[in-house]
1. For the range 2-32, which positions are of a type outside the set (Ser, Thr, Tyr), closer than 18 Å to residue 302 by Cβ and either surrounded by 15 or more Cβ atoms within 10 Å (Cβ to Cβ) or assigned by TED's automatic domain parsing to the domain that holds residue 262 (or both)?
2. When residues of the range 33-60 are filtered for being surrounded by 19 or more Cβ atoms within 10 Å (Cβ to Cβ) and outside any loop (DSSP other than H, G, I, E, B), how many remain?
3. Looking only at the range 211-270, filter to residues that are surrounded by fewer than 22 Cβ atoms within 10 Å (Cβ to Cβ) and among the acidic types (Asp, Glu); which one of those is farthest from residue 193 (Cα to Cα)?
4. Only one of 253, 234, 249, 215 is out of contact with any strand residue (DSSP E or B) (no Cβ under 9 Å at 6 or more places or on another chain), assigned by TED's automatic domain parsing to the domain that holds residue 145 and either of a type outside the set (Ser, Thr, Tyr) or without any contact (Cβ under 8 Å) to a residue 24 or more places away in the chain (or both); which?
5. Looking only at the range 271-302, count every residue that is surrounded by fewer than 18 Cβ atoms within 10 Å (Cβ to Cβ), in contact (Cβ under 8 Å) with a residue 40 or more places away in the chain and under 30 Å from residue 120 (Cα atoms) and tell me the total.
6. Can you name every residue in the range 219-231 that is hydrophobic (A, V, I, L, M, F, W, C) and within 13 Å of residue 109 (Cα to Cα)?
7. Kindly indicate whether residue 133 is small (Gly, Ala, Ser) and more than 24 Å from residue 28 (Cα to Cα).
8. All but one of (1) closer than 16 Å to residue 112 by Cβ; (2) touching a residue at least 60 places away in the same chain (Cβ under 8 Å); (3) buried (at least 20 other Cβ atoms within 10 Å of the Cβ) hold for residue 200; which doesn't?
Amino acid sequence: MATVVIAYGQRAQTALETDLLEGMGYQVRHLSGIPVPVGHQLEDADAVLVTVQEITDAMLAAMPACKIIARVGTGLDSIDLAAAARRGILVTNVSDYSVDEVSTHAITLLLACARRLPQYLDLVRDGQWDSTGGGTIRRLRGQTLGLAGFGRIGRATAVKALGLGLRVLVCDPFQPAGEIVAAGAEPADWAALLAESDYLSLHVPLTPESAHLIGTDALRAMKPSAVLINTARGGLVDQAALAAAVRAGDIAGAALDVLSQEPPPADDPLLSDPRILITPHTGWYSQEAQRDVAVRACEDVQRVLSGRPARSPANAPVAATAEPAS
């Protein structure tokens, strides 16, 4: 009987995954995280399910039986894909399970800033009934939303933004300009995106090249009235530079669902600035998305352990043999 290790929670927290995998005939073991050093705890694991746990080459070396690392989520920046490929281990993810949720969350953060909802909620709680006391509000229609990245989530965000009457600019060197135009948006280079966006929303993966994509120079190139929105990965933003930029008035504020350290330390300056809204990495969440991601990850485990190609491979040695998603 093959052994599958769920490495991100106890049995009570992963009931769906456990039930699915046991129903597939696997022996399931639970870890609340991957220990460092790994020791013998993963020595017999045929498959390992992770969320945000780091998977290094040294950890992979301690998994000699492993055939698949299934990322129960989208981002792959915590997994050494090349090392896994060298060791003959397939890595999968679930790249499209929360497209609607994350794009909706990005728009929700935009609207919260545009209509100054946190400020008005605080006013009413403080006993003030003042329709203009929350600060200056501009009509949303006709303002510009800049999208850094135009993958699934970026495109879904654009559709929702266009429905609100926003002008949508897109910077994505990997997407043909014609496809951006066909979606109702306008192609832009990085400089134009920074200079023209009233709201700048990030929808790119975290890679060595994109780390701190938004730093001091980028922030200074934005409008003083602009708001940064990040529902992608915390490492895309230099958080110290962001806190400083908001304090200095280089930009008006930010709305973040992801941080470089989660949860943040209590003294993180981002937490104390009312111009910066933070939600606890909840953009992905709905009951439907939570089920989708678990089911699809477990299905890929079953496919690989039964000798079939994965639907969603993430490392190069297996990409050419994967079946298209259905």
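The values are calculated or read from the model by the stated rules, or taken from the named source; none is laboratory data. This structure is a prediction, so every number in the text was calculated from the model and none was measured. Neighbour counts run over all protein chains shown; Cβ positions are idealised from the backbone, glycine included.
1. Residues satisfying the conditions are 2, 4, 5, 6, 7, 17, 20, 21, 24, 28, 29.
2. Total satisfying the criteria: 7.
3. 267
4. Only one candidate passes the filter, namely 249.
5. The qualifying residues number 5.
6. Result: 227, 228, 229.
7. yes
8. Of (1) closer than 16 Å to residue 112 by Cβ; (2) touching a residue at least 60 places away in the same chain (Cβ under 8 Å); (3) buried (at least 20 other Cβ atoms within 10 Å of the Cβ), only one is false for residue 200: (2).
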